[in-house]
Every structure is written in structure tokens, then in C-alpha cells.
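We did not get these values from a lab; they are worked out from the coordinates using the rules stated. Every value quoted in this text rests on a predicted model; they were computed, and no experiment measured them. Ideal geometry is used to build each Cβ from the backbone, glycine not excepted, and the neighbour counts take in all protein chains shown.
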Amino acid sequence: MFSNPDFQVFDIHAHLPYKFLLSPHQKHDLVSRYGRERSERMRLTWDFPTSEENPEEASRPLIDRWADELDKYHIGGLNFLTALDNDRLSEQISRDPDRFTGFACHPIEDEDAALELRRAVDELGLRGYKLFGPLTQIPFDTPSLDPVWEFLAERRLPVLIHFGMLGHAGGIVHHPNINPLAIFNTARAYPDIPFIIPHFGAGYFQELLHLSWSCPNVYIDTSGSNQWVRWMPYELNLETLFRKTYELLGPERIIFGTDANGFPRGYPYRYLQDQVRVCRELRFPEADIELIFGNNARRLLKLPVGTEVGSTNA
């Protein structure tokens with residue numbers, strides 16, 4: 001897949017199991033049935049497994065199973081954004097720190113959010129902060145949040161914030177913080193913080209490009225199936241997303257991810273294949289492909305760049 005045999009993919013966007021609280025309307029039978037129908041359609045489309053074939057495999061430690069997935073697909077490293085809490089995420093990735101990293105994930109509105117973030121970084125070894133825009137109930141430029149932004153700026157730590165459509169069918173499509181432009185004032189005020197926006201904006205691609213035009217500290221994460229393009233009123237596909245982002249921002253601010261989120265699905269290798277194929281069809285230079293699919297993430301996470309990371313080749 002890569003012409004340089006020493007290059008290794010690093011995936012910025014994966015999840016350990018976590019509590020994901022959306023609207024109580026999701027509990028209504030009509031919405032639940034609608035969600036199941038659409039989830040099954042996606043499963044068939046992407047040929048994802050329905051259940052564990054081997055109960056013994058399912059009982060193994062989760063991080064060991066992820067390590068096997070990285071070996072299987074020759075992935076150099078994987079960054080987890082969520083877990084049940086910061087301590088459990090740290091405990092999991094500490095089992096294999098050469099290949100796994102993690103971000104803190106706790107509500108930024110909490111009174112002790114800045115203290116918890118400092119603890120997660122200094123004591124637990126986490127390397128950034130994960131937030132969900134549509135789950136954040138106050139503006140990002142609210143003065144009470146300044147201690148969080150000041151700590152992140154001081155350490156130059158990345159923040160990955162999900163904007164746009166959130167959840168499966170029946171999920172959130174309207175919220176004061178659903179648009180990437182909701183972070184504009186903060187991103188402009190704290191240029192030392194790298195802000196990573198995943199899924200090409202998940203329905204807000206134009207707004208994300210505008211944000212990136214103004215703020216050189218905004219990065220775009222490519223993760224997921226990006227099926228949100230089907231819900232746009234105009235034609236949009238993975239090739240267009242990569243081409244426009246590359247033309248406008250260059251390769252240094254594009255970061256590969258998959259949104260890998262558990263088993264029995266495991267590592268969604270097809271997402272990597274599709275994205276590399278698009279970059280090759282667009283004739284991106286090899287050095288730029290290596291930036292997008294690993295080295296940009298390593299630089300933001302303060303990891304060694306190049307052949308020093310991981311233990312397998314891709």
C-alpha cells in the first residue's frame with residue numbers, strides 16, 4: 001500500500017467503550033426501530049459481522065485484541081479518544097504504550113475540568129483532549145472555560161472536537177455547538193492549540209473549510225465511513241473531500257483516522273484502503289501521503305516520526 005517499506009500508519013481516531021448519552025427521544029420505539037433498520041443497512045453495505053464467532057476470543061482483554069488487529073493490518077499505532085473514564089483509558093493503553101495513545105474525555109463544563117485535564121496529562125500520560133460539540137451545553141468561548149484552553153495552549157496539546165451530525169439514525173442534527181464555527185473565537189484566541197475536527201466536518205464541510213482558512217491551527221481528520229455525504233443536497237464524495245482539503249490546506253493539516261470502535265467489527269481496514277486509493281488516484285506525492293496517514297498525527301502527539309514508531313511495517 002505504501003512505497004516506503006519503513007512507513008507505518010498511525011490512526012488518530014479510535015474508541016474504547018464509553019457512555020454516549022443522546023436525547024431521551026432515542027428511547028422511543030419508533031426512533032429505536034428506525035435506528036436499527038439503518039444500522040443493519042450499514043452493516044450489510046460494509047459487510048460488518050453481526051456477532052462474535054468465538055466466545056473465547058470475546059473474553060480476552062480488549063487492548064490485547066486491538067494489538068492483534070494492528071498486527072493483522074500492519075498498523076503502527078492507534079490513538080483512543082474515549083473510554084468509560086480517563087483512568088480506565090490510561091490503564092488500557094499502558095499495556096502497550098509503544099503502539100497506543102489516548103486523549104482525556106470529560107465534560108468541559110465541569111467545575112474541575114481543567115484540574116482533571118492536568119491530572120490526565122501529567123499523571124495518566126494522556127496526550128490531548130476529546131470533546132463533542134453537540135454534547136457541550138455552553139459556548140466554547142465562555143470565560144469559565146479559559147483555564148482549560150490556557151492549559152492546552154501552554155502545553156500545545158491537541159483537542160479533537162466532534163462537530164456535525166452525531167450518533168446513528170435518530171441522533172443530533174441541531175444544537176448551538178453543532179457547527180465547527182462554534183470554536184472560531186476560541187481557535188483564534190488560542191493559536192497554540194491544535195484543534196482537530198473529525199469526519200471532514202460531518203455535514204459542515206464548507207464551514208470547516210472557512211474555519212481552516214482563518215485559523216492555521218485547525219486540522220481536519222478523515223475518519224469514519226463519511227456516509228454523511230449522502231445527506232448533502234449536492235454531490236459530494238470522498239475524492240472531493242480529499243481534493244478540496246488538499247488544494248486549500250495542503251497535506252500538513254490532514255490527519256487520517258478510522259473511528260474504529262470495537263468488536264466484532266474490529267479494525268475497519270476498508271476505510272484505510274479507500275482513503276489511500278483516493279489519495280493515489282489524485283496523484284498525491286508519496287511524502288504527502290505519509291504525512292496524512294501517520295506523520296502529522298505523530299507530530300501533534302509528540303511521537304517520533306518515521307521508522308522509530310511501532311514494530312511492524314505497512
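Restricting segment 141-218 to trypsin sites (Lys or Arg not before Pro) that sit in a DSSP loop and have at most 13 other Cβ atoms within 10 Å of their own Cβ leaves Arg156. Here the chain is assigned +1 on the Cβ of each Lys and Arg and -1 on the Cβ of each Asp and Glu. Its dipole about the Cα centre then comes out at about 680 debye. In segment 234-299, the convex hull through the Cα atoms has an average projected area of 5.3 nm², a quarter of its surface area. Take the alpha carbon gyration tensor of segment 162-253, find the square roots of its eigenvalues, order them as a ≥ b ≥ c, and report rounded if a/c is under 1.5; if not, report prolate when a/b exceeds b/c, else oblate. Oblate, since a/c reaches 1.5 and b/c is not below a/b.
Looking at segment 146-247, which chymotrypsin sites (Phe, Trp or Tyr not before Pro) are DSSP coil and have at most 11 other C-beta atoms within 10 Å of their C-beta?
Working: sites: Trp149, Phe151, Phe163, Phe184, Phe195, Phe200, Tyr204, Phe205, Trp213, Tyr219, Trp228, Trp231, Tyr234, Phe242, Tyr246; in loops: Phe163, Tyr204, Tyr234.
Counting only loop positions with at most 11 other Cβ atoms within 10 Å, the chymotrypsin sites (Phe, Trp or Tyr not before Pro) in segment 146-247 are Tyr234.
Of all DSSP beta bridges confined to the chain, the antiparallel ones make up roughly 5%. Rounded to the nearest 20, the Cβ-based charge dipole of segment 221-313 about its Cα centre (Lys and Arg +1, Asp and Glu -1) stands at 160 debye.
In this entry, segment 28-104 is assigned a mean projected area of 7.2 nm², taken as a quarter of its C-alpha convex hull surface. Taking the average, over residues, of other Cβ atoms within 10 Å as the packing measure, peptides 263-274, 284-295 rank 284-295, 263-274 from highest down.
I'd like the GluC sites (Glu not before Pro) in segment 180-265 restricted to DSSP loop residues with at most 12 other Cβ atoms within 10 Å, sorted by number. For GluC sites (Glu not before Pro) across segment 180-265 that sit outside H, G, I, E and B with at most 12 neighbouring Cβ atoms in 10 Å, the list reads Glu235.
Per the Cα gyration tensor, segment 63-115 maps to an equivalent ellipsoid with semi-axes of 26, 10, 8 Å, ordered largest to smallest.
With both residues required to sit in segment 140-280, DSSP beta bridges show an antiparallel share near 10%.
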